[in-house]
1. What's the number of the only condition in (1) open to solvent by 40 Å² or more (accessible area, probe 1.4 Å); (2) farther than 30 Å from A:Ser322 by Cα that A:Asn199 fails to meet?
2. Go over the candidates A:Tyr139, A:Tyr135, A:Tyr148 one by one and state the one that is under 26 Å from the mean Cα position of the chain (by Cα), more than 27 Å from A:Phe206 (Cα to Cα) and away from every other protein chain (no Cβ under 14 Å).
3. Look at A:Asn87 and say whether it is at pLDDT 90 or above and polar (S, T, N, Q).
4. Does region A:212-230 include one or more residues that are under 24 Å from B:Leu237 (Cα atoms) and part of a helix (DSSP H, G or I)?
5. I'm trying to understand the selection: among the residues of region A:40-63, which are touching a residue at least 40 places away in the same chain (Cβ under 8 Å) and of a type in the set (Val, Ile, Thr)?
6. Taking the condition of being free of Cβ contacts under 8 Å to residues at least 40 places away in the same chain and more than 23 Å from the chain's Cα centre (by Cα), how many residues in region B:52-93 meet it?
7. Taking the condition of being within 9 Å of chain A (Cβ to nearest Cβ) and farther than 19 Å from B:Pro163 by Cβ, how many residues in region B:133-144 meet it?
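The values are calculated or read from the model by the stated rules, or taken from the named source; none is laboratory data. Keep in mind that this is a model prediction, so the values were computed, not measured. All Cβ positions, glycine included, derive from the backbone under ideal geometry; neighbour counts span all protein chains shown. Note: areas computed on protein heavy atoms with side chains; ligands, DNA, RNA excluded. Shrake-Rupley method; radii C 1.70, N 1.55, O 1.52, S 1.80 Å.
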Amino acid sequence: MKRRTFMMSAAGAAAGLALAPRMSFAAKGQIDWYTSSDTNILDFWTNIVKPGFEAANPGLKLNLVDAGDGAGIIAIGERAIAAKQTNADPQADYFESADALLPAGAIKAGVYTNIKAAGLSNYSKVNPLAIESEYSLPYRGSQVLLAYDTTKLKPADAPKTWDALVTWIKANPGQFVYNRPDKGGSGGNFVRRAIHQANGLDPKAFKVDNYTQEFGDEALGKAWKLLADIAPHLYDKGAYSSGNTQSLQLLSQGVVTMIPVWSDQVLQAIEQGVLPAETGLVQLQDLALCGGFTRSVVIENGANHEASLKLADFMLSEEMQSAILTELGGFPGVSWDHVSADLRKKFADIIPQSIPTFPGGKWEAAINDGWYRHVAPNVDRKS
Amino acid sequence: MSEFVEKAVSVPTETAAGRRPIGLLLVAIPVFLVIWLVIWPAINAISRTIWRTDADGHSSFDLSSYAFFFSDRYSLDNLAVTLWTTLVCAVLLLVICLPIALYLRFSHGRLPAYVQALAILPMFVPSIILAFAFIRVLGPNGMVDILLNAVGLPKIRTPYLTPWGPVIGLVWDNIPLTVLILLSGLGSVANQSIEAARDVGANTIRVFWHIILPRISNSILVALSFSVLGIFSSFTLPYLLGPASPEMLGPFMQRTLRDVQDPIGAMTQAVVAFGFCILFGLFYVRSVARNRGK
């Protein structure tokens, strides 16, 4: 009995320690940096950017923190707004990936820095196609592709249009899986590609401010029909993995033949041997799957504002932009003219002519809710 | 935590009146924490879902979010799968843990010590690690499939991404707590009473039914209400192992709040979850009260 009592109290004490609130204050010279991206991005910052930046700027340090997801970043943004109002320390300096429009009112409150006006020496190199707002800095891009197992599907037979893809999925039941659209961009952008398909292949039809209930129901309803139509032919008669990584896992275990993937994630997986070197990659030619640029935001009222601007400028340097290509498998945020000539030649195949994008805002909530209601359940998986 | 509360509460009743302030002080911290972190947010959520501000800025009594929840097929399916998972897990836990606890109580030597260590192991494995290990072992083309294939048997129908995925994970995760509580309950079964029953010719089943079970029924209730509370509100395992739809209330709430950006809907789901958890909690409180009445 004694031993048991001891174990219970020890477990209780340990739980208490773990749950005790931890206080922290922003340290001088330590940039509090947050990301909502996947682990590969955090690894890239930990292994490449942090040592490079700290060596180039003695006395400055990066504190890399994973905020989980977009909503996590928004929560910290809200904290920064609240801190601004009370003149407190927001304990945040730099968001690796953020939407300058979220949380609503952050720009108006003066929490996000106007990057264009901040006088970064490298700002003129930024790819003009990528600039969405003066308050955010596109520093890397990524695109969703289809990855497939070349031992089961010959590259010559890989589908290159949406219709060919649907035909292939139906002819090979159980061999395709995409993740839930809110749990990772690979499945999310596959779903958005279906929305484009159902609405005349025109990405311009969807804007961040043109969502209405009627338009949304009509446009998305057509896409849900397309997706529900292929659902019975997906992995396990309509199962959806719970994230980008889980889809890669299913491909690497040889369970499925094809999945949508982020270009940077799949190139890194191949590099690390998680996926075999002969993994095939293909982009749809009628309209590419969506992708986009990741934009960083600098917090105006952060304790290390000057240092954060230095970091932003550092990210646009040729050294870092080349590392995004070679180490991360992403593509640069600066125009291709500002990338070294050998790299430009080497990556000619993935230099995108255009990257279709899909707006966030109300569309995002409508897609997330609608997909779960109309696509996910409509399948009898008991058999 | 409740174990400590219970112990702290019992101090003043057992000892001299002079120690009463210390006892109260010991209770004050957990009570304060519970009020701050549990009761206040709960009241807050209830009031914000029934007293709502409309577009014109008028606030009024409004039950529409509840009406929506209970008329929405999708939400009800999620509630149903949560209750189903909880029930199945509770039954499986009892079926698995009671024999383990009985074995540990009535056997001696080295082997039971190893069995106990093994039974408690899940307590020290974070559920996210458990989930990925599960996918590697029971997932499609996982270790089980490879082993079956090696001896020429067909693959299993994997429980990954079906409602059985979270059930298996949650049962494994809750074994230690259930075994420990049942074991402490079995501590109150005196060897003499079992020997006396054996002497008058009772067989194993009768001993279990008439001597052991009545003594530990309280512990069973406590163990089940504890694990049921945890399972009902679980998040990680149903999220990683379960199907996209129907989903358990934990992932559903998180998704409604973050991805559908509907805080009122998420709070409504939370209040419905409170409601069910209070029901389970009542079992626990009732059994503790009955125990102390003895």
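1. In the conditions (1) open to solvent by 40 Å² or more (accessible area, probe 1.4 Å); (2) farther than 30 Å from A:Ser322 by Cα, A:Asn199 misses (1) alone.
2. Working: A:Tyr139 fails: more than 27 Å from A:Phe206 (Cα to Cα); A:Tyr135 fails: more than 27 Å from A:Phe206 (Cα to Cα).
Step by step, each of A:Tyr139, A:Tyr135, A:Tyr148 is checked, and only A:Tyr148 is under 26 Å from the mean Cα position of the chain (by Cα), more than 27 Å from A:Phe206 (Cα to Cα) and away from every other protein chain (no Cβ under 14 Å).
3. no
4. Restricting attention to region A:212-230, the residues satisfying the condition of being under 24 Å from B:Leu237 (Cα atoms) are none.
No, region A:212-230 contains no residue that is under 24 Å from B:Leu237 (Cα atoms) and part of a helix (DSSP H, G or I).
5. A:Ile41, A:Ile48, A:Val49
6. Looking only at region B:52-93, we keep the residues that are free of Cβ contacts under 8 Å to residues at least 40 places away in the same chain, and these are B:53-64, B:67, B:70-73, B:76, B:87, B:91.
With more than 23 Å from the chain's Cα centre (by Cα) added as a condition, the list becomes B:53-64, B:67, B:70-73.
Here the count works out to 17.
7. Start the filter on region B:133-144 by keeping residues that are within 9 Å of chain A (Cβ to nearest Cβ), which leaves B:135-136, B:139-142.
Remaining after also requiring farther than 19 Å from B:Pro163 by Cβ: B:136, B:141.
Within region B:133-144, residues that are within 9 Å of chain A (Cβ to nearest Cβ) and farther than 19 Å from B:Pro163 by Cβ number 2.
Conditions (1) farther than 30 Å from A:Ala376 by Cα; (2) in contact with a Ser or Thr (Cβ under 8 Å, 6 or more places away or on another chain), marked per residue:
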{"site": "B:Asp145", "(1), (2)": "no, yes"}
{"site": "B:Leu148", "(1), (2)": "yes, no"}
{"site": "B:Thr178", "(1), (2)": "yes, yes"}
{"site": "B:Leu183", "(1), (2)": "yes, no"}
{"site": "B:Gly201", "(1), (2)": "yes, no"}
{"site": "B:Ile212", "(1), (2)": "yes, no"}
{"site": "B:Leu237", "(1), (2)": "no, yes"}
